[in-house]
2 protein chains.
Amino acid sequence: MTEQKLSDTSAAPGVQTIQASGPSGLHGSAGPVAPGPGAVAALWPLRLHHARLDPDGLLGRWQRRNAEETLPHCVDNLHRAGNIGNLRAAAGESDEAFAGMWFADSDVHKTLEAAAWELGTSSGDGALRSFVEDTTALLARAQQADGYLNSYFTVAAPDERWRKPDWSHELYCAGHLFQAAVAAARTGVSPGLVAVAQRFADLLVERFGPGGVEEVCGHPEIETALAELYRLTGRRPYLDLARRFLDLRGRGLLGHGRFGPAYYQDHVPVREAREVTGHSVRQLYLLAGMVDVAVETGDLALLDAAERLWADAFHRRTYVTGAHGSRHREEAYGDPYELPPDRAYGETCAAIASFQWNWRLLLATGRARYADEMERVLYNAFAAAVSSDGRHFFYSNPLQVRTGHASSGEEATASRLPWYSCACCPPNIARLMASLHGYLATADDEGVQIHLYASGSVNAEVAGAAARVDLRTGYPWHGRIELTVTSETRTPWTLALRVPSWCDAYKVLIDGGPVMAPAKDGYVRLTRAWAPGTTVVLDLEMPVRQVTAHPRVDAVRGCVALARGPLVYCLEQADLPPGTVLEDVRLDPAAEMTAAHREDLPDIPVVITAGGLVAHAGDSLYTAGARRERTGTPLTLTAVPYFLWGNRSEGPMRVWIPVAATE
Amino acid sequence: MTEQKLSDTSAAPGVQTIQASGPSGLHGSAGPVAPGPGAVAALWPLRLHHARLDPDGLLGRWQRRNAEETLPHCVDNLHRAGNIGNLRAAAGESDEAFAGMWFADSDVHKTLEAAAWELGTSSGDGALRSFVEDTTALLARAQQADGYLNSYFTVAAPDERWRKPDWSHELYCAGHLFQAAVAAARTGVSPGLVAVAQRFADLLVERFGPGGVEEVCGHPEIETALAELYRLTGRRPYLDLARRFLDLRGRGLLGHGRFGPAYYQDHVPVREAREVTGHSVRQLYLLAGMVDVAVETGDLALLDAAERLWADAFHRRTYVTGAHGSRHREEAYGDPYELPPDRAYGETCAAIASFQWNWRLLLATGRARYADEMERVLYNAFAAAVSSDGRHFFYSNPLQVRTGHASSGEEATASRLPWYSCACCPPNIARLMASLHGYLATADDEGVQIHLYASGSVNAEVAGAAARVDLRTGYPWHGRIELTVTSETRTPWTLALRVPSWCDAYKVLIDGGPVMAPAKDGYVRLTRAWAPGTTVVLDLEMPVRQVTAHPRVDAVRGCVALARGPLVYCLEQADLPPGTVLEDVRLDPAAEMTAAHREDLPDIPVVITAGGLVAHAGDSLYTAGARRERTGTPLTLTAVPYFLWGNRSEGPMRVWIPVAATE
């Protein structure tokens, strides 16, 4: 871990006043997560507008779809579901009854944050800009004289304010407000929102700060948000309060609750925790806050704890899609290796939180494993949560839907819904999509590090000089990444390119010539005084892989998941002959597998075709002695990317495919 | 299906007045479920005191433990948890606040029912008799002038009476009251309770009967209870109301609720349902009511529907232990073949309800498969719910507890608890245990049918003459059942002995000599004019079986469950060498298995010993390509009966054992 400072102190015009009072650094134009100049960090993010996604690449298309479809859809639904009306009522401008969940404000804040990232990148459209301006003004009017801002506890339950920290989500909502304000300030889109946020944050400091009440929020989020608000404003009490909330956790302040204190990570002090527990989104937001506070305060014990919990989460409780949360009940982590594909909870917000947490760990430590997990969750659990049209969403992301599946609560649907009564996921998707380019690369005084591959460009600064790289790639469909250095630097710098952990073989070419470039710690590092126009090709081999799980994962014994590059594939009913029951399909592990575009599936760039068969096993549920399947009809299996499932029909799906007995 | 009448009309002294107004038959001394003389039924239960369990057999020991430990424990806890206090408050004799669940009365009613069955069989103890008398009197005082009786809606929420049928459990509580009253009357233990029940039932008829409001209860139970109250009293409006509640179900009267109408089986008319759905206890109680109404009204479409749902439940959604309910969330059935052992819900009440439903189907149709499932659930899922000391209980009955298991809600504990805030299970256990002898055998004009084997005696009447059989057996530990006919009859009658579906080979001896006795439809039938002292031996072979599940049950692919006779076995951490992780243990399917008593496990009559090994698979959660386990240390596996798990320690447990790869 190295401590480094960025020398650039310029700021976007809209946040000059904040910048003046805050720490110097990249805050004026940073993306999500901007370690302060005194932070203990290994890598440093780029200014948000210093990375760009081309709209012809997959990530760029996602981002465009987010701007054109998902964001307007979220804004519409905030109006329709009453979230905006709630704030009007809180402002005394309406007498409508409170609508929706008691934490409905957070959906507004997340949409605001998403809009800020989007408007800070693109020219945006007028409607989105109006939404930001109108909502910022509305929030200012809904804010109480003392700085308190929460429509539920203003309109519907004023006597309950601050009364139920285990349940109320008041600090959770505040946290999302602060993150929106940070985004609006860093992008210069709506600097006025910071004043609203700071008034509320100052109230929190007064109430919960040193000498104040000892309480924490049942749903973590405030911790990372306060750290970011500190980074933006330089107001140290915000960081101190974030740390205080972490320090107070694990003392039982929240009580036992319905599900016990581990449900909201209050069963043990955060520095002593050895396992991720309880509600997965709460756990992951808490972990993000732990890393933020650790890097800003130099509290390495806190960072150690976060890395220790990472090992527990990613070695024992993560789905092959990167999804977290094995249980619908309590939306929770399961026991070690309890990873049932059909009962997977895998909340979309947990995928987003995992991505955000891994990014923080990557910045703090520079370890490639965190970028590997960002990639895994990005292309699988996260991407699957949005429909191809950008207007339908999964809340829960199972890895298997059985024949005859009957969804019960709306969270367990086998098809994406346009909105949810608990609508935390759609605006969360929007804010990650809108800021996606902020996660491609980092820079330091030695060079540029590329973590995620997409067509676009990176415009970093290395030791005060521009270091610009254009990327062209068909990733994740193809493993060839072409990079062109477009800037001139007098001094050598290092272009570090991540070699994903799934990749066993790759080639590197510079200006067309092969070079020896062994990856070290997950990165190929190429150091030279780059002349403009120099091309680098990283060619990652992408064979189809048959992935197996640790045998302690009982739920997928005897199965493989097909994967290629970062993408996990799945079987869907839509690709089976009529009358074939998906649960009877077996993979022939010895048969040839191919990965190619197929004309019968024009919308899917690369389809995996494999050999299989349909087994028949009779009717009895239990029998004594070995049951010999009749291995009937041979069948050509068609596997499609998991993230695209459920876009053609609602039929059964499975990631883990039983392997035919080889006898 | 044959329609038959019992000729005996004598009644226990205490219910003479009821008997006089009711249908003739065995109601005066019947056990749970007594089809009326006009019922469409294939088999007829015995009078309760006409069957007896010897205290040296396993079932007899369970029944004695129930009387000596479980029942007094339940009575104590009803006082301690406030259930009795709630009724005192409803009677205006206390101003204590309401305590516990809003359906807390049902725990009182179930304990009363259990006490009635117990006191009707044994001499009982004075404390239990006082509990019945005091509680009967208290219920009469707590009853409102109009007949309404529910302490929650009298004390805590009077304005809510009859307002929330989806949630209130008012009719559910009424149903358990009626069942208690029926038991108290049939056994003559507390005939006065029937008057209380009838006053309430008459109110229900007035409110919900023809021309009344069209509503059903979110938690079925009233249907079977009204049918039984009809059987006891002969009051046809009770049966008609039960049928009306069935007919009104599936019209969406309950609304969508939190989990959708399938949660409480209100999504489709009961006659049209093709799958068991939702909350498993609700589904099973509803099915019991369907069979009761079907046999009393001759509504064969209703019986057909119940049998169709049985096929769905038992061919696609039943654990090898007989447990029902795959999901903690919603306490619900899962999708077809969704039977995860670790996440099994398997509520104890569902096991009891399954037993009760199968008994009703057995009486209605005479089909052995229903007795087979009674046996499976009795000796496994149900029996496991009680600790060896009779004072600790499981609410949920998983088939696997992992290393590092962290239970969250109290329902998912890995150890039995003395009581629960939702204490539905312990008194439910008590009422089944207390009436267990009522389920051993049936009789008709042709003979006696023995369905469950236990040391004890059966004293039936066949065509008006006594038909008495004594049973001696070490069942379920040993398969030899010795029966002695102790009565003399002039005319031949048939002794039908069930050959369990798990049994592949058996012998029959009469007076020591082997006879050819092929089982037909699951029963060996021996017809003769039995001379007193004639002995019959049914010797069921009981090898250890390696049971496999249908391959669509993904969760246990590559595993076997060890079973012997009706007992499913499991591995427990307590029997592993220190440091061995249960999840790494494999069964060697080719190694010899033995079943015997072992001196190192004196409390377990028969232990299975098998060959196995400990596998090692490294740390990585996912890897490409086949993962070859290093098959390390050989290990002798000790498997113990599932129903005894968790009595020695709280450690990990598993029923389904992965089979070592045979290469």
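Couple of notes before you dig in:
- Any hit, region B:656-663, residues being in a strand (DSSP E or B), open to solvent by less than 10 Å² (accessible area, probe 1.4 Å), within 11 Å of chain A (Cβ to nearest Cβ) and not β-branched (Val, Ile, Thr): yes
- Against the conditions (1) at pLDDT 95 or above; (2) open to solvent by less than 10 Å² (accessible area, probe 1.4 Å); (3) over 17 Å from residue B:345 (Cβ atoms); (4) over 13 Å from the mean Cα position of the chain (by Cα), residue B:443 satisfies every one except (1).
- Considering residues of region B:613-634 that are at pLDDT 80 or above and closer than 10 Å to residue B:584 by Cβ only, the residue nearest to the other protein chains (Cβ to nearest Cβ): B:617
- Residue match in region B:176-192 (condition: in contact (Cβ under 8 Å) with a residue 12 or more places away in the chain, assigned to a loop (DSSP other than H, G, I, E, B) and aliphatic (A, V, I, L, M)): yes
- Of the residues making up region A:204-233, those that are of a type in the set (Gly, Ala, Ser), open to solvent by less than 30 Å² (accessible area, probe 1.4 Å) and more than 21 Å from residue A:332 (Cβ to Cβ) are A:209, A:212, A:225, A:227.
- Of the criteria (1) touching a residue at least 40 places away in the same chain (Cβ under 8 Å); (2) in contact with a Lys or Arg (Cβ under 7 Å, 6 or more places away or on another chain), which one residue A:392 fails: (1)
- Filtering region A:485-516 to residues that are among the charged types (D, E, K, R) and loosely packed, with under 14 Cβ neighbours inside 10 Å leaves A:490, A:504, A:511.
- Within region A:590-597, one or more residues are within 12 Å of chain B (Cβ to nearest Cβ) and closer than 17 Å to residue A:547 by Cα.
- Test: residue in region A:311-333 that is touching a strand residue (DSSP E or B) at 6+ places or on another chain (Cβ under 8 Å) and among the aromatic types (Phe, Trp, Tyr): yes
- Subset tally (residues that are open to solvent by 60 Å² or more (accessible area, probe 1.4 Å) and outside any loop (DSSP other than H, G, I, E, B)) for region A:75-106: 4
- Restricting region A:543-558 to residues that are buried (at least 24 other Cβ atoms within 10 Å of the Cβ) and not β-branched (Val, Ile, Thr), the residue that is nearest to residue A:507 (Cα to Cα) is A:549.
- Candidates in region A:342-367 are the residues that are more than 12 Å from the chain's Cα centre (by Cα) and open to solvent by 10 Å² or more (accessible area, probe 1.4 Å); of these, the one that is nearest to residue A:639 (Cα to Cα) is A:342.
This table checks each residue for (1) within 22 Å of the chain's Cα centre (by Cα); (2) of a type in the set (Lys, Arg); (3) within 18 Å of residue A:357 (Cβ to Cβ).
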{"site": "A:235", "(1), (2), (3)": "no, yes, no"}
{"site": "A:243", "(1), (2), (3)": "no, yes, yes"}
{"site": "A:267", "(1), (2), (3)": "no, no, no"}
{"site": "A:271", "(1), (2), (3)": "no, yes, yes"}
{"site": "A:299", "(1), (2), (3)": "no, no, yes"}
{"site": "A:305", "(1), (2), (3)": "yes, no, yes"}
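- Qualifying residue in region B:381-388 (condition: crowded, with 24+ Cβ neighbours inside 10 Å, more than 14 Å from every other protein chain (Cβ to nearest Cβ) and assigned to a strand (DSSP E or B)): yes
- The residues on offer are B:527, B:473, and the sole one that is in contact with a Phe, Trp or Tyr (Cβ under 8 Å, 6 or more places away or on another chain), surrounded by fewer than 15 Cβ atoms within 10 Å (Cβ to Cβ) and not basic (Lys, Arg) is B:527.
- Out of A:582, A:637, sole residue that is within 26 Å of residue A:415 (Cβ to Cβ) and within 14 Å of chain B (Cβ to nearest Cβ): A:582
- Screening the candidates B:158, B:165 for the property of being surrounded by fewer than 23 Cβ atoms within 10 Å (Cβ to Cβ) and out of contact with any Leu (no Cβ under 9 Å at 6 or more places or on another chain) yields one hit, B:158.
- If the condition is being open to solvent by 20 Å² or more (accessible area, probe 1.4 Å) and closer than 26 Å to residue A:445 by Cα, then region A:48-62 contributes A:49, A:50, A:52.
- Residue within region B:264-273 that is among the acidic types (Asp, Glu), away from chain A (no Cβ under 14 Å) and open to solvent by 10 Å² or more (accessible area, probe 1.4 Å) present: yes
- Checking each residue in region B:229-260 for being more than 14 Å from chain A (Cβ to nearest Cβ) and aromatic (Phe, Trp, Tyr) picks out B:230, B:238, B:245.
- Any chance residue B:311 is more than 13 Å from chain A (Cβ to nearest Cβ), among the hydrophobic types (A, V, I, L, M, F, W, C) and either open to solvent by 20 Å² or more (accessible area, probe 1.4 Å) or free of Cβ contacts under 8 Å to residues at least 24 places away in the same chain (or both): no
- Residue count for region A:31-74 satisfying the condition of being part of a loop (DSSP other than H, G, I, E, B) and over 17 Å from the mean Cα position of the chain (by Cα): 13.
The values are calculated or read from the model by the stated rules, or taken from the named source; none is laboratory data. None of the values given here were measured: they were computed from a predicted structure. Please note: Cβ atoms are built from the backbone with ideal geometry, for glycine as well, and neighbour counts cover all protein chains shown. What goes into the accessible areas is simple: the full protein's heavy atoms, side chains included, and nothing from ligands, DNA or RNA. Shrake-Rupley method; radii C 1.70, N 1.55, O 1.52, S 1.80 Å.
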